[in-house]
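Asker: Once you've had a glance at the structure underneath, I'll fire off some questions.
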Amino acid sequence: MKHSLSDLPTGLVLAISDANAALVTFGVYSLVVLGLAILSHRLLSSRSFLAEYFLGSRSLGVWPFMFTFAATSASAGSFAGFPSLIYAHGWVLALWIAGYMMVPLIGMGLLAKRLNRIARQSGAITLPELMYSRFGHGSVAVVATALIVFLLTFYLVPQFKIASIILQSLMADVPLWHQTAFLLGSVTSTIPYLDQADPGYLLGLLSFSLMVIAYTSLGGFRAVVWTDVLQGIVMFTGVIIMLALVLQQVGGLSKATNALAEMTPPVLCEVEFSRTDKSPAGPIQIPSESWFELDGSPGKRSRLFRINEIARIPEKKNRSQAVKCVEILSPYERNLFQSWKQKKEAVLVPENVGIKLTDEKPYQYGAGKTGVYVSAPGPNFNDVNGFLPIALAISFFMYWAIGGAGQPGSMVRLMAFDSIKTLKRALALLVIYFGVIYISLVLIFCCSRVLIPGLDQTPDRIMPLLSMHLASTAGIPWLGGLLMAAPFAAAMSTVDSFMLMISSSLVRDIYQRGINPHVSEKTVKRLSYFCTVAIGVIVMLAAVNSPKFLQILIVFTGGGLSSAFLIPIFYAMYWPRFNNTAAIASMLAGFFSYLSLYAAGVYIHQAAKPYLLLSQDPFLWGLVVSAAVGYFVCKATPPASLEIQKKFFGRSN
């Protein structure tokens, strides 16, 4: 598809507007992030490159440690994937996320003190290096590195996509952005693999990638921590402001809940638009979120629809591509549309185009029922049992609470704090921080359906759209930039941390330890920069045509990491006898048992969902298998050497 400036909407001019004000706020935030990277880069020259670049010289105090742990844990999934699930399924998501508020207690209480101590004793900078020192064999580090690189690369793809969607939404009404996107589209339309991607999304992806690659490569761990502090503050502030605004605009939580209780799930549809005798010449573009009505059956009211994608009829064609839309069924949502229509606030599909529905599918659970958004198990399009049956809710409580503790990204943070006093104070602050963030998000996005109905085909966009809606309605346009910075910060804080983990694993654990132990610091520095940039470019390209189910991919990779690492690391920290063979067996058994249940689910359901053995998430079975295999293999093989046991435990066992 070719693009040119002539395709731009008529009357689009460069002028100060609400979107421009939000853009200024967001631009200031971005400049501060890059400034922190520059300051961090200067600090690198005065300290040991490896320890500083990958671990911040193990000198994190209370606030930096608290914010970097929180910001790394709260990925873009927390601010885009999770809100989209709340929007789609309602109050039941409070059960889904409840366990995540326990992550600081479980993760820090279970591993922090021992992990930090052993990392200092061994001088380890990365998690695989710590395992190498603890077991005295390079094979365990190689297996750990392979799992980290494989899973974290997958984890980064949805982070890049979500951040790009956020940036694209922020710039939706900025003329310069549209002009640049159309120019980019004229170039990418001739390049295979890029030719089918939306130019606006590509521009968002390119902008985010350049920014996060630049400051992560430039400043290393210190820049990541400093920006995590900034991003943690932005996330917390943004959520609190959003909560206040959304409750004020819906008229209070009680009113919003009553409205939600009256709603029924929509019908998911696809629609094609075509030219008519009254259509204008040239290309026709119908904005996303436009509304249209169709005549109902005799004696019944008209049918109301909202499209969730941009529809385009090219200049030399008579029909658009099929685009996603939803049929609005609830009286509350229909009345809201009529109110917008009377105030001329609703964007309507032009009357001079033809409309043809090509697909209509109701929800399998909740169709035609009221109250499903305010009760368990929540409406579900793909499953007659609902979104979250009680057994699975219990499973997810375990998944987040225990699984969050097993994330390598969190473990690296636990290697970097400076004292036990810091750990205790940060733990108390994190419990408050996580509680406020996630309880607020549930409240905000349960209310979001009341304010912005009809996004069920593209719910990942609810966070940026709600941010701009709240700021515009409140008459504070610049606030939209700050609110949009919150989910953007969540994506950045996760991406920078994980890019650095992959880079450190490749440079430190593969190249320096296994290939060239006598490599100079200058070469290590160059390789570190190169790997960080290369990883960013690879993930950026993968995100061009990324998977549809972002939150499922985030949950899958998070569970895979925990299934592979939590039990071996726990055994390594507290069981002197635990050895190299048992550690490798435990990692691989946990990961492959977890992976096999996902593969079985895809085969059985013909969809991206796991097989729930005894209604429990595969992660729990991964932990059970990892623990059992690690224990029995350890008992069947010689214990760790006496030298290692004395070094890390002061005794033999």
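Asker: If ASP456 satisfies every condition in (1) open to solvent by less than 10 Å² (accessible area, probe 1.4 Å); (2) of a type in the set (D, E, K, R); (3) in a loop (DSSP other than H, G, I, E, B) but one, which is the exception?
Answerer: The single condition ASP456 does not satisfy is (1).
Asker: Taking the condition over 20 Å from SER320 (Cβ atoms) and open to solvent by 20 Å² or more (accessible area, probe 1.4 Å), does ASN385 pass?
Answerer: So ASN385 fits the description; yes.
Asker: Before we move on, is GLY409 open to solvent by 10 Å² or more (accessible area, probe 1.4 Å) and in contact (Cβ under 8 Å) with a residue 12 or more places away in the chain?
Answerer: no
Asker: Given the residues ALA426, ALA401, which is the only one that is among the small types (Gly, Ala, Ser), part of a helix (DSSP H, G or I) and surrounded by 20 or more Cβ atoms within 10 Å (Cβ to Cβ)?
Answerer: ALA426
Asker: In segment 333-368, which residue that is more than 31 Å from the chain's Cα centre (by Cα) and closer than 20 Å to GLY90 by Cα is surrounded by the fewest Cβ atoms within 10 Å (Cβ to Cβ)?
Answerer: Taking the candidates together, the pick is GLY368.
Asker: If I filter segment 378-387 for residues that are closer than 16 Å to ARG114 by Cα and out of contact with any Leu (no Cβ under 7 Å at 6 or more places or on another chain), do I get at least one hit?
Answerer: no
Asker: Going by the conditions given, is ALA391 closer than 30 Å to GLU262 by Cα, assigned to a helix (DSSP H, G or I) and touching a helix residue (DSSP H, G or I) at 6+ places or on another chain (Cβ under 7 Å)?
Answerer: yes
Asker: Let me ask something else about it. Kindly check whether there is at least one residue in segment 484-504 that is out of contact with any Leu (no Cβ under 9 Å at 6 or more places or on another chain), part of a helix (DSSP H, G or I), closer than 29 Å to GLY136 by Cα and at pLDDT below 85.
Answerer: yes
Asker: Right, THR188: open to solvent by less than 20 Å² (accessible area, probe 1.4 Å) and at pLDDT 85 or above or not?
Answerer: No; evaluated as a whole, the condition is false for this residue.
Asker: Being surrounded by fewer than 22 Cβ atoms within 10 Å (Cβ to Cβ) and in a loop (DSSP other than H, G, I, E, B) narrows it down to one residue among ILE432, ILE476, ILE439; which is it?
Answerer: Among ILE432, ILE476, ILE439, only ILE476 is surrounded by fewer than 22 Cβ atoms within 10 Å (Cβ to Cβ) and in a loop (DSSP other than H, G, I, E, B).
Asker: Can you tell me how many residues within segment 354-382 are touching a residue at least 60 places away in the same chain (Cβ under 8 Å) and not in a strand (DSSP E or B)?
Answerer: Final tally of qualifying residues: 18.
Asker: Tally up the residues in segment 510-531 that are open to solvent by 10 Å² or more (accessible area, probe 1.4 Å) and in contact (Cβ under 8 Å) with a residue 60 or more places away in the chain, please.
Answerer: Going through segment 510-531 one residue at a time, the tally reaches 6.
Asker: Given the condition out of contact with any Cys (no Cβ under 7 Å at 6 or more places or on another chain), of a type in the set (Asp, Glu), surrounded by 13 or more Cβ atoms within 10 Å (Cβ to Cβ) and assigned to a loop (DSSP other than H, G, I, E, B), answer yes or no: does some residue in segment 264-283 qualify?
Answerer: Looking for residues that are out of contact with any Cys (no Cβ under 7 Å at 6 or more places or on another chain), of a type in the set (Asp, Glu), surrounded by 13 or more Cβ atoms within 10 Å (Cβ to Cβ) and assigned to a loop (DSSP other than H, G, I, E, B), one finds none in segment 264-283, hence no.
Asker: If I go through segment 145-204 residue by residue, how many of them are among the polar types (S, T, N, Q) and under 30 Å from VAL412 (Cα atoms)?
Answerer: Looking only at that region, the number is 4.
Asker: Could you identify the single residue in TYR571, TYR594, TYR611, TYR598 that is in contact with a Cys (Cβ under 9 Å, 6 or more places away or on another chain) and either under 22 Å from PHE387 (Cβ atoms) or modelled with pLDDT of 90 or more (or both)?
Answerer: Only one candidate qualifies: TYR571.
Asker: Which one of the conditions (1) open to solvent by 60 Å² or more (accessible area, probe 1.4 Å); (2) small (Gly, Ala, Ser); (3) assigned to a loop (DSSP other than H, G, I, E, B) does SER254 fail to meet, given that it meets all the rest?
Answerer: (3)
Asker: Can you run down the residue pairs with Cβ atoms below 8 Å, 6 or more apart or on separate chains, where the first is in segment 259-287 and more than 22 Å from ILE310 (Cα to Cα) and the partner is of a type in the set (S, T, N, Q) and open to solvent by 60 Å² or more (accessible area, probe 1.4 Å)?
Answerer: Cβ pairs passing all conditions: ALA261/THR370; GLU262/THR370; MET263/THR370; THR264/THR370.
The values are calculated or read from the model by the stated rules, or taken from the named source; none is laboratory data. Just so it is clear, the structure is predicted and the values come from calculations on it, not from any experiment. Note that each Cβ is placed from the backbone with ideal geometry, even for glycine, and that neighbours are counted across all protein chains shown. The area values use the complete protein model at the heavy-atom level, side chains included, leaving out ligands, DNA and RNA. Shrake-Rupley method; radii C 1.70, N 1.55, O 1.52, S 1.80 Å.
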